[in-house]
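I have a structure here, written as structure tokens, and I will follow up with some questions on it.
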Ligand code: SF4
Ligand code: SF4
């Protein structure tokens, strides 16, 4: 709809699934957000019909194209595998000749490692392949540590578009969200990686990020200050996704911008492209003490990462796709954080968008963040 | 079949040429090998421990590697300034210089690719980027464009000189109809590698320091100054140490190219400075950081001011015919210009793009010893590759190396 030619100013929240339905994702009841535009006079009935069809199944058409490419790709990839099969056989031969030393388990481990090294991009996998890689990762973890994790590969649900709102008046800078996030998402403890940054700002100076302190160590709330949190905003038109040379990061149908940690080559181009400081890189091998590992994982979410790959907030995909709130929302003692489905007219987030004066950061860049700020 | 035999002979002969030489030559190659080994050792540490051994952080996520990559793309593109007049305009002056220039382009491109690989967090999964086997995000990602144009340019710059040398090796003349189309193509290609590399940065709305329309053209101007400047220096060295004849006229013509490019570059610099400082906005902060420092953080100040003074001085020297025609002064000016642009188009361009960060955070970047080790190692590799290429080419061109049927 209007989003194709005017994507700068209108976030067309409905564009993915709900064409033609009466509710609008923008939060306004009707007509207030440009995404409801009736066919205007310049379009004849026929043209409009075409445009509407295009808008509603455009995505699917696109996908078909992908599938075609995907098929070719897979066959080529398997050709590549065959090419290197001699290597595999060689390795296998060595392996079997030493088999009285190497147990079945280490053979299986080697097999898993091999398949993991040459698997495809998660974005292009079908459900069986997704399940296979998840199973491999779970098994691999079991072989290595003797512990069992659960890892899901749940896909985006229909009629869901996640959004987030942040109440600046409520936030007191306690940073409980930051700690909960680190624990939930198995972030590297050595480098103290954090997805969320809380900016402490001075009263009377407005939203002056330049003078804000995002690394404070004193008692909060500090006199004469207010607080504002930032993280990945899951932009609807994410610049980080366009620049990735290998499509290791993409926007899922429920609006989450995710990364396939195994496909990322670590070029950090996406980091340079993100205007919101939303991405974090594993400069060295991330380490989480075994006892602190969150074993309830999602492939695209909090599973353990390796060194040299990008990661970021996923709105806790392992939780949100299971119908729960992200860890930061749950941990916030003040209720400053609100999360929900933008397409559900009864959700709290929709209430906030409809009744509060909301704004987003750097709207001029056309990134359409799905993260709104508001005040009481 | 015969071609294959000739090719085999050529490889054997050039191996011979490469491994034999004066004491000075051996010393030079040994030195380069040593530096390369040190670089490789540093790289192995980086592989082992991750990119945390470099000075890069989440705040400044590109550093010395990408800076050098950017600069070297410019050097590679410059070979074309010599290709065009020689092959197309029938200006025979340049013919000798061209092979050297293209050798330089090949070496620069190999260094570029090495720098990109050194910068990757996961070099073991780089196959994800190979079209067909992996997923190539074309045409969305400018990086994929860059991969295509750089490799294409590398291919052109290997095949054209190879064809010419291969013919000369057999004592035959090279056919114009074969190499001229290639040469013309490579002219456009050189502009493309440069623009595409500039677009890599220019297209990021997140970084106002890069997101300006002048970035691409300025890349071109500075490249066409720094590249030929390097070629002049290299030709001067070759002229003194080998039998390869390069006329004064050739050097003077290249100097002319350098001069014009340097002047244009300076004009663009002035335009840029005017825009940033006449009516400074929030978006001028990176420029402020670069030229004056922000909040007491001034790491780049000495560098950029050195670069600018060298740049201005060199441009002034080059502008006066009297000075330019004195070879000693010319070489000095070329050296100044080369270093100045290396600073300016290297970390003077990349690092300030990240400072201040998206929310105004100012975190400085200083490269670590390991990073510098890898960088110098890659430069040594470039010099090594170039020496080999140039040596073989010169031997063939001077007629010392010829195909003999039955040896
Ligand atoms: S906030 Fe940054 S990382 Fe997150 S979707 Fe937007 S551009 Fe990408
Ligand atoms: S760092 Fe990874 S996710 Fe980011 S652009 Fe590079 S390959 Fe893509």
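Kindly give the semi-axes, whole Å and largest first, of the ellipsoid equivalent to the range B:95-229, taking each as the square root of 5 times a Cα gyration tensor eigenvalue.
Computed over the range B:95-229, the values are 30, 20, 13 Å.
If I stretch the segment between residue A:143 and residue A:192 completely, what's the gain in nm (0.36 nm per residue apart, minus their alpha carbon distance), one decimal?
Here the answer is 14.8 nm.
Report the calculated FRET efficiency for residue A:359 and residue A:295 (r = Cβ-Cβ distance, R0 = 35 Å), to the nearest 0.05.
After rounding to 0.05, the efficiency reads 0.35.
Tell me the volume per residue, in Å³, of the convex hull enclosing the alpha carbons of the range A:125-180.
With only Cα atoms used, the range A:125-180 gives 134 Å³ per residue.
Still on this model: Could you put B:145, B:28 in order, starting from the residue whose Cβ has the fewest other Cβ atoms within 10 Å?
B:28, B:145
Also: Find the eigenvalues of the gyration tensor of the Cα atoms of chain B, then list the square roots of 5 times those eigenvalues as equivalent ellipsoid semi-axes, largest first, in whole angstrom.
Over the Cα atoms of chain B, the ellipsoid semi-axes are 36, 25, 20 Å.
Rg and Dmax of the range B:217-370, Cα atoms, in Å?
Rg, Dmax (Cα atoms, Å): 17.8, 59.
Looking at the range B:280-407, I'd like the Rg to Rh ratio, where Rg is from alpha-carbon atoms and Rh is Kirkwood's inverse mean 1/r. Walk me through the intermediate numbers first.
Details: Rg = 21.5 Å, Rh = 18.3 Å.
Rounded to two decimals, Rg over Rh is 1.18.
Same structure again: If I histogram all Cα-Cα distances within the range B:353-392 using bins 10 Å wide from 0, what percent of pairs lands in each bin?
Going from the shortest bin to the longest, the percentages are 25, 24, 24, 17, 8, 1.
Which order results if A:236, B:58 are arranged by neighbouring Cβ count within 10 Å, fewest first?
By the 10 Å Cβ count, ascending: B:58, A:236.
Using Cα-Cα distances under 8 Å and only pairs 6 or more residues apart, what relative contact order does chain B have, in percent? Spell out each step's value before the answer.
Values: 536 pairs, mean separation 123.5, N = 407.
It comes to 30 percent, rounded to a whole number.
Once R0 is set to 51 Å, what does the formula 1/(1 + (r/R0)^6) return for the Cβ-Cβ distance between residue A:205 and residue B:158, expressed as a FRET efficiency to the nearest 0.05?
Efficiency computed from Cβ-Cβ geometry: 0.30.
To continue, here is another question. If you average the alpha carbon positions of the range B:27-54 and of the range B:229-246, how far apart do those two centres end up, in angstrom?
Each part's Cα centre sits 29 Å from the other's.
Right, something else. Seen from all sides and averaged, what is the projected area of the convex hull of the Cα atoms in the range B:158-254, in nm²?
The Cα convex hull of the range B:158-254, projected and averaged over all directions, gives 8.5 nm².
A further question on this structure: Using only Cα atoms, what Kirkwood radius does the range A:162-374 have, in angstroms? Mind showing how you got there, number by number?
On the way: mean 1/r = 0.0566 Å⁻¹.
Final number for the Kirkwood radius of the range A:162-374 is 17.7 Å.
Could you give the spread of the C-alpha atoms of the range B:256-324 along their three principal axes, from largest to smallest, in whole angstroms?
Principal extents (Cα only, largest first): 45, 23, 15 Å.
Which number do you get for Rg(Cα) / (2.2 N^0.38 Å) in the range A:103-148?
With N residues counted in the range A:103-148, Rg over 2.2 N^0.38 Å equals 1.19.
Also: Stokes-Einstein D for the range A:253-375 at 10 °C, 1.306 mPa s, Kirkwood Rh over Cα pairs, in µm²/s?
Answer from the Stokes-Einstein relation: 96 µm²/s.
If r is the Cβ-Cβ distance from residue B:3 to residue B:27 and R0 is 30 Å, what FRET efficiency results, to the nearest 0.05?
0.25
Additional query: Would you mind ranking B:270, B:110, A:338 by Cβ crowding within 10 Å, fewest neighbours first?
Result, fewest neighbours first: B:270, B:110, A:338.
Here's a follow-up. Tell me, what is a quarter of the convex hull surface for the C-alpha atoms of the range A:101-247, in nm² with one decimal?
The orientation-averaged projected area of the Cα hull of the range A:101-247 comes to 13.6 nm².
Laboratory data are not the source of any read-out in this text; all were calculated from the coordinates shown. Note that the coordinates shown come from a computational prediction; the quantities given were computed from them, not determined experimentally. Please note: Cβ atoms are built from the backbone with ideal geometry, for glycine as well, and neighbour counts cover all protein chains shown.
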